[in-house]
Amino acid sequence: MITVRGLVKRFGMKTVLRDLDFDVNPGEFVALLGPNGAGKTTFLRILSSLSKPSAGHVMVAGHSLPHQASAVRARLGVVSHLPLLYGDLTAEENLRFYARMYNILNAGARIEEVLQLVGLLDRRGDLVRTYSRGMQQRLAIGRAMLHDPDVMLFDEPYTGLDQDAATMLDGVLRNVAGQGRTIVMTSHDLARAEVLATRFDVLSRGRIAASSTRRALGKLNLLTFYKRALAG
Amino acid sequence: MSAQAVQRPRAEAADARAGEAPPRGRSSSFFGAMVAVVQKDIAAEFRSRELLSAMLVFSLLVVLIFNFALELDIQTRRGVTAGVLWTTFAFAGTLGLNRSMAVEKDRGCLDGLLLAPVDRAAIYLGKAISNLAFMLVVEAAVLPIYSFLYNVNLLRPGLLLVILLGSIGYAAVGTLLSAMAVHARTRDILLPILLFPLAVPVLIAAVKASGGYLANAPYADIKPWISLLIGYDVIFTSIAYMLFDFVVEE
């Protein structure tokens, strides 16, 4: 579903991603781990077509980036630590706007379905700026999956959430993954990643330093795996 | 989503997805996306009234300050009207342009727009049209007040046409530059620094054409300025339309 070969990203003189290779099979839930500044967000921005690679090949859902960016965007949902929602619109108005941008047929029914999934159907008419951080993040997930994308990218979705909101987000993420979507999630929360993901990749100094499926990890603790990967 | 689908093993669900119909998301039509952006901006502004109220209060303050600062006779007032008007419109417009793009940036909504499978020029045109609409609303409120305070009739078809043409050019260039400036920490300062030099032709032409109409000058004298305004609007809107994708790209 995602194939990356020899990806390089430079900002001026600084090289953030170096000759990075990465593959994700359909239905996989990959947790992309790594310290601050490892290049996780930059990598996700390239996968989501918001940033262009300096070199290398990127294929998402069968389309190459950046040349077929529009086709990729139609099959991609992105959730970041920012909600990407308008505070002065209601939840329903926000989703209706994005439904128009994605040209979704039968938008009313789909919006109701999505609001039900993220548990915000009864707050559909409230302005988003009156929502708690956790509710905004759940609505952000609803927005990202409105067009039923095959691939979903989550960039630190737990940032700023309290314990209850994070637990609720766990449930939403499990639902999203249970539908067979391909998911790549960056996170600093190893405990959550260990429970949710089926594969763990550690990004360090612009490269994938280590990769393991949950099965291959066996009895090895994810924290130990992570530390070993960073130690090199 | 059915409960069954949630409980199915992931691999099985992934296989099921692969066999399903294509995703619901499709490339939206250019016009549809543009209209959606305009309607969204107007609906959000209707709720918050942040942008319009700031522009309006600022404009009225400028008009009042000039009114008391320049204690002029009626004839001289006619002479300075065009300059005062366009100074007011330009500064109020900059205020609106800055705020309009800051709203998109602060909550990550600009990324949300750019992630949609639409031609990015449609996003640019949508933002430019809503910025123009906000400018025109403020101008429509300022003109009668200005006419009353300065005892000058501004509600003349020719003058209104000049205001429309000047505002189109200003909003077209301003929307592009506000998209550039929005990523900078000093965006509030950066936008006027970028915008005013580029807007000099449209501001000079608008002031001259407005002054011509107010002085009841023959159309032949005003025509070159009107032509300049039309030319500026066409050229700069086209350039901004083509450049927007590059401006918002990382």
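Tabulated data for the structure shown
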| read-out | value |
| --- | --- |
| Backbone HN-Hα couplings from phi across the range A:94-107 [Karplus 6.51/-1.76/1.60, Hz, Gly and Pro as x] | 4, 5, 5, 4, 5, 4, 5, 5, 9, 6, 7, 7, 6, 4 |
| The protein assembly as shown - Kirkwood radius from inverse mean 1/r over Cα pairs (Å) | 24.5 Å |
| Proximal aspartates and glutamates to A:Lys14, defined as alpha-carbon separation beneath 20 angstrom and excluding residues fewer than eight positions away on the same chain | B:Glu249, B:Glu250 |
| Value of [θ]222 nm, deg cm²/dmol, for chain B, DSSP H segments ≥ 4, -39500 (n - 2.57) each, nearest 500 | -28500 deg cm²/dmol |
| Estimated vicinal HN-Hα couplings, Hz - the range B:192-201 in sequence order (Karplus 6.51, -1.76, 1.60; Gly, Pro = x) | x, 5, 6, 6, 4, x, 6, 8, 3, x |
| HN-Hα J in Hz across the range A:55-65 - Karplus 6.51, -1.76, 1.60, θ = phi - 60°, x for Gly and Pro | 7, x, 10, 10, 10, 10, 6, x, 10, 8, 10 |
| Ratio of the Cα radius of gyration of the range A:114-232 to 2.2 N^0.38 Å, where N counts its residues | 1.17 |
| Amide hydrogen neighbours beyond the local backbone of A:Arg207, cut-off 5 Å, H modeled | A:Arg18 |
| All lysines inside 30 Å of B:Lys40 as judged from Cα atoms, apart from same-chain residues fewer than 8 positions distant | A:Lys52, B:Lys105, B:Lys127 |
| Spherically averaged projected area in nm², based on the convex hull that wraps the Cα atoms of the range A:84-148 | 3.6 nm² |
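Taken together, the values in this text are just the output of simple stated rules run on the coordinates, not laboratory data. What you see is a predicted model; the values in this text were computed from it and never measured.
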